[in-house]
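What follows is one structure encoded as structure tokens, with my remarks underneath.
What follows draws every value from the coordinates through simple rules; no lab data is involved. Fair warning: this is a prediction, and the values are worked out from it, not measured in the lab. Positions of Cβ are generated from backbone atoms using ideal geometry, with glycine treated the same way; all protein chains shown enter the neighbour counts.
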Amino acid sequence: MRLYNTLTRRKEEFRPIRAGRVGLYTCGPTVYSAAHIGNLRTYIFEDVLERTLAFEGYRVTRAMNITDVGHLTSDADAGEDKLEKGARNEGRSVWDIAAFYTKTFFEDCAALNIRKPRLVKPATDCIPEQIAIITRLFKNGYAYETPTAVYFDVSKSKNYTVLSREKLEGKETAVRTEVIEDRSKRTPRDFVLWFKLVGHFKNHVMRWPSPWGEGFPGWHIECSAISSSLLGQPFDIHTGGIDLISVHHTNEIAQSEGAFGKPLAHYWMHGEFLIIDRARMGKSQGNFITLQTLREKGVDPLAYRYLTLTAHYRSPLKFTWESLAAAEIAYRKLLGKIQFVATGFHGGQPKTRSASGARALIVKFEEGFKAALANDLNAPRALASLHTLVNGLLALQTRGMYTSSDARLFLTAIKKADSVLGLNLTAAAKIPAAVVKRVEKRELSRARKQFTHADALRQEIRALGYEVDDTPLGSFIRKS
């Protein structure tokens with residue numbers, strides 16, 4: 001299995017630290033408002049990564065943070081805490097805002113078949129761990145204190161830009177009007193580890209005691225504390241959106257390696273932006289769409305998941321309502337074809353021996369599907385191979401070269417594929433054995449012109465909650 005590593009800027013053979021096991025960390029949401037579908041594209045990519053690793057036989061331990069304190073409106077060290085701003089805008093407490101939007105986030109994930117990570121931890125639940133890492137940074141000479149905050153000294157980090165590959169002199173701070181510059185900072189690029197309750201933040205609601213006075217943690221330190229406490233350091237794979245590379249993930253690496261003297265993660269993977277109106281979708285741009293908006297327009301959330309799978313996770317994906325509508329049509333057609341291939345029976349007595357043509361198509365699909373995913377999660381190619389399989393089996397069906405035995409093999413292959421794609425492909429095609437048995441008997445009765453018996457079997461099928469439609473291709477089973 002080969003994965004693109006942002007750290008080295010190339011595809012690499014994936015080799016886990018421990019054989020057969022993978023430690024995976026995915027940066028979680030800042031829960032001051034609902035996630036938009038651009039955010040959710042990243043979580044779909046990470047879900048496909050976790051599912052693919054499991055598909056490859058690895059035992060995956062996935063951890064994720066919930067940012068419920070310390071993330072400022074500038075995404076750096078300037079502005080207001082996003083949780084406090086969100087709470088003020090909605091007239092609720094920061095704790096209520098965090099709880100509400102954490103719940104909303106996981107509801108959106110469930111609607112998109114994004115599996116909840118095994119380990120989830122809010123930043124506010126690991127304050128002692130964050131303080132412990134800052135204490136280690138002081139001991140190792142990477143941290144210093146001013147009257148307003150505790151900072152990480154970037155000049156002490158020899159490989160500070162190893163991930164972003166930016167030039168330090170190109171990084172600027174205090175360029176936004178809301179920035180209150182700390183004149184005691186050694187260099188402008190040093191970043192906050194702990195905010196004190198002074199000046200701009202003297203009335204900050206979320207506060208904890210620390211060796212440096214009451215205050216709250218900076219945004220970046222939470223991920224270092226949560227990942228190391230839940231997965232150890234180093235762990236295998238760290239993921240997120242590409243917007244996190246130059247600031248958040250760069251600072252994570254610096255503080256984690258400064259504290260523990262070893263790499264944070266061996267592989268770094270990043271998902272590209274969702275593009276709308278020629279710009280990336282984002283809350284700061286004011287051009288975002290939530291999953292609830294899609295629901296209100298009658299769009300199946302899994303149609304959006306299907307749309308994201310049509311583009312590689314490292315490629316920008318342009319969003320339009322027209323592209324979403326086209327994706328939903330394609331998705332529904334695929335479901336219909338899968339149901340037909342899985343439950344359609346050619347007229348006449350069912351054959352007892354599977355047609356070799358169907359078996360060959362299924363084997364070829366399984367090989368191509370696995371190869372696509374093993375090549376840096378090439379979901380578009382994997383999806384294309386699925387369409388090829390379904391269309392090929394439909395063609396065999398029209399020629400009477402497809403049996404119930406082939407249908408069972410097909411369903412097994414689809415179930416494996418859907419364990420990665422997460423599109424509920426087998427939901428419509430999963431017909432109870434009692435129904436399938438009666439359909440097969442009915443086909444035999446019709447072939448023998450025993451139409452009274454065939455009608456009686458149709459009624460039995462209907463009583464079980466299914467209908468049989470007779471088509472030129474054979475009998476098609478569907479829920480009543």
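Points to keep in mind about this one:
- Among the listed pairs LYS82/LYS202; LYS116/LYS196; LYS85/LYS196; LYS318/LYS479; LYS370/LYS430; LYS158/LYS318, those beyond 27 Å (Cα-Cα): LYS116/LYS196; LYS318/LYS479; LYS158/LYS318
- Segment 1-86: trypsin sites (Lys or Arg not before Pro) falling in loop per DSSP and having at most 13 other Cβ within 10 Å: ARG9
- HN-Hα J in Hz across segment 114-131 - Karplus 6.51, -1.76, 1.60, θ = phi - 60°, x for Gly and Pro: 8, 5, 6, x, 4, 10, 10, 9, x, 4, 6, 8, 9, 4, x, 5, 5, 4
- Isotropically averaged projected area of segment 199-284, using the convex hull of Cα atoms (one quarter of hull area), nm²: 7.9
- Each part gets one Cα centre, and for segment 215-290 versus segment 363-426 those centres are 35 Å apart.
- Under Karplus coefficients 6.51, -1.76 and 1.60, residue-wise ³J(HN,Hα) of segment 135-147 in Hz, glycine/proline x: 4, 5, 5, 4, 4, 8, x, 9, 10, 8, 10, 10, x
- Projected label distance in nm at ARG10 and TRP208, using a 7 Å step from Cα toward the beta-carbon: 4.1
- Scanning residues 5 or more positions from GLU12 or on other chains, those with amide H under 5 Å from its amide H are LEU3, TYR4, ASN5, with H placed 1.01 Å from N in the peptide plane.
- Placed amide H near TYR466: partners under 5 Å, 5+ positions off or other chain: SER480
- Here is how the number arises for the chain: DSSP H runs of 4 or more residues each give -39500 (n - 2.57), the sum is divided by the residue count, and the result at 222 nm is -14000 deg cm²/dmol.
- Measuring spread by the Cα atoms of segment 354-420 yields a radius of gyration and Dmax of 11.9, 38 Å.
- P(r) weight above 36 Å for the chain, C-alpha pairs, percent: 40
- Ordering of 214-226, 252-264 by packing [mean C-beta count within 10 Å, highest first]: 214-226, 252-264
- Trypsin sites (Lys or Arg not before Pro) within segment 434-470, DSSP loop, no more than 13 other Cβ atoms inside 10 Å: ARG448, LYS449
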